[in-house]
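Asker: Have a look at the structure that comes next, please.
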Amino acid sequence: VYNAAPAWGVTVGDALGVPDPVLSQHQHQHQGQTFSFLGIRVSSPLSLVVNGRRPPGSALAPPRLALSNPSAPP
């Protein structure tokens, strides 16, 4: 689950409700092999319903800021 906190997750056997899912077909080629799979995206792990309940706010990973300057000298 993208953007989920490391300490939060779902386990085998959990009932999972996915409101407003976006289904995407992914197709990738690597070293002569083709990999094809479906992906389901939701806006946030907080929008899921796990075992009849919404996840707590702590289920959302904190934001991280990454900066880079490709023109800066090493």
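Asker: Which residues, counting only those in region 41-67, are modelled with pLDDT under 90, within 11 Å of the chain's Cα centre (by Cα) and aliphatic (A, V, I, L, M)?
Answerer: Listed by number, the list holds a single entry, 42.
Asker: Collect the residues in region 5-23 that are open to solvent by 80 Å² or more (accessible area, probe 1.4 Å), out of contact with any Lys or Arg (no Cβ under 6 Å at 6 or more places or on another chain) and outside any loop (DSSP other than H, G, I, E, B), keeping them in residue-number order.
Answerer: Hits for region 5-23 are 16, 23.
Asker: Out of (1) closer than 19 Å to residue 61 by Cβ; (2) outside any loop (DSSP other than H, G, I, E, B); (3) open to solvent by less than 100 Å² (accessible area, probe 1.4 Å), what's the single condition that is false for residue 40?
Answerer: (3)
The values are calculated or read from the model by the stated rules, or taken from the named source; none is laboratory data. Since we're looking at a predicted model, the values are computed, not measured. Don't worry about glycine lacking a Cβ; one is built from the backbone with ideal geometry, like all the others, and counts go over all protein chains shown. The area values use the complete protein model at the heavy-atom level, side chains included, leaving out ligands, DNA and RNA. Shrake-Rupley method; radii C 1.70, N 1.55, O 1.52, S 1.80 Å.
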